[in-house]
Structures are given as C-alpha cells and as structure tokens.
Amino acid sequence: MMLSDKLPIYLIKLGGSLITDKNKLHTFNTELIKHFFKELKIFYSQTKTHLIFGSGAGGSTHYLASRYQTLQGIAGKSGLRGAVLVKQSALKYHLKVLNLGVQAGLPLFSFSASSLLSAKEASVDSHNLTPLLYSLKKNFVPHLYGDVIFSQKKGWTIFSTEKIFTVLVKHLQTLGFFKIKVFLLADTSEVYIGNGQTIKAKDLVFPQKAKLTKVVV
C-alpha cells in the first residue's frame with residue numbers, strides 16, 4: 001500500500017479537557033469544537049499533508065473508568081458492566097465530535113482502537129492498521145479515540161489516544177515515514193494516564209524522530 005512519504009503526517013488530538021468540562025458530568029463544548037474544526041478545515045485544505053485526528057473522552061468517561069477501575073481490567077460482574085459503560089461513554093463523545101467534524105466539511109473516518117489493537121499488559125501485542133492506512137491513501141482523515149481494548153493479561157484495559165498515536169508513529173516509521181508531527185491540544189500542560197495520575201505533556205515519549213511539536217494551554 002503506497003502513501004506519499006514526501007508528505008508530512010500530522011497527528012492531532014483534541015483533548016477531553018476541551019471537549020467537556022472535566023469538573024462536571026455530561027457536558028459538551030459544542031461551540032469550541034465547532035471553532036476548532038473550522039480552523040482545522042482551513043489548515044487541511046491549504047496544507048499538503050496526511051492528517052490523523054484523535055479526540056479525548058471527557059469527564060464523564062473518566063469518572064466511569066475510575067469508578068469501575070477499567071484500566072486495571074477488574075474482573076467480576078461490576079467490572080464487566082463497567083467496561084461496557086466506559087466504552088459506551090467514550091463512543092458517545094467520539095460520535096458527537098465526529099458529527100461536528102463532518103458538518104465542518106472534514107472527511108473524518110471513524111476507527112475504534114478495540115478493532116485495531118489488542119494489548120499484553122501495558123503494551124500492544126498485535127495490531128492491524130491496514131484499514132487505517134488505506135483510508136489515508138484514499139484521502140480520508142482517520143478519527144481515533146481512547147477506547148477499551150482487550151488485554152491478554154487483564155482481560156481488558158483502557159488505551160488512550162496518546163498510546164494509540166505512539167503505536168501509529170512507530171508503525172509509520174517502519175514503513176519509511178519520518179516527517180511526523182504530533183499535536184496535543186488541551187487547556188492544561190498535563191496528560192491523564194490513569195489511576196488519578198497525570199504527567200507533563202512534554203514528558204510523553206514518542207518513537208525516535210517523531211516530534212511532539214505543540215501543546216496548546
């Protein structure tokens with residue numbers, strides 16, 4: 001499958017802190033997201049680049065993930081139900097963002113991480129990124145989001161958009177793509193990594209030669 005390795009690839013994530021108010025449940029920042037997509041559409045139409053877009057899950061999804069300890073893959077009926085509810089919530093906000101992006105004129109194409117990746121402990125043990133790469137070839141903009149994925153050790157776990165981007169960057173580099181830039185857009189300089197913990201965005205480690213170029217705070 002041939003993509004143009006002469007074009008840069010931009011991976012852009014719109015953080016959950018911009019999509020929702022993380023201090024409140026069931027919020028959605030419609031006008032902010034509309035403005036973001038208006039600007040992104042102008043950029044995409046005027047710049048020769050491959051674009052991969054990711055969106056955060058927002059406060060309600062994080063609340064459910066914490067309540068049911070979905071990151072740890074806690075077993076039992078409540079854990080099983082929790083995994084379903086977390087996935088449902090993440091998908092709900094993904095679709096709301098997707099709809100606004102499509103309305104803005106962007107050719108967003110939805111991909112679920114649970115259909116592309118599976119995990120072994122904290123890392124990916126298998127993936128099939130062929131459909132996503134094909135969508136890039138056909139000038140779609142793949143739209144990813146943090147998702148509940150299956151894990152050999154835990155049964156299931158949460159795989160964030162940042163982790164998905166890391167897998168993508170590594171795979172793209174094996175295909176010979178090195179003009180890769182990663183943008184994380186948020187109202188904070190920190191990234192949530194689970195268990196109530198955050199790290200500075202600048203401390204995120206992406207594969208060699210991929211550059212985390214900008215964090216909007």
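We did not get these values from a lab; they are worked out from the coordinates using the rules stated. The model shown is predicted, which means the values in this text are computed figures rather than measured ones. In this analysis, Cβ positions are derived from the backbone assuming ideal geometry, glycine residues included, and neighbour counts consider all displayed protein chains.
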In region 1-88, lysine pairs with alpha-carbon atoms under 18 angstrom apart (chain gap of 8 or more, or interchain): 8
Exposure-ranked with fewest Cβ neighbours within 10 Å first, Phe43, Phe53, Phe36, Phe183 stand as Phe43, Phe183, Phe36, Phe53
What order do you get for Val86, Val169 when you list them from fewest to most C-beta neighbours inside 10 Å? Val169, Val86
Order of Ser118, Ser78 from fewest to most other C-beta atoms within 10 Å? Ser78, Ser118
With labels modelled as points extended 7 Å from the Cα through the Cβ direction, what inter-label distance (nm, one decimal) is found for Gln46 paired with Ser114? 4.0
Kindly rank 152-165, 97-110, 20-33 from highest to lowest mean number of other beta carbons found within 10 Å of each residue. 152-165, 97-110, 20-33
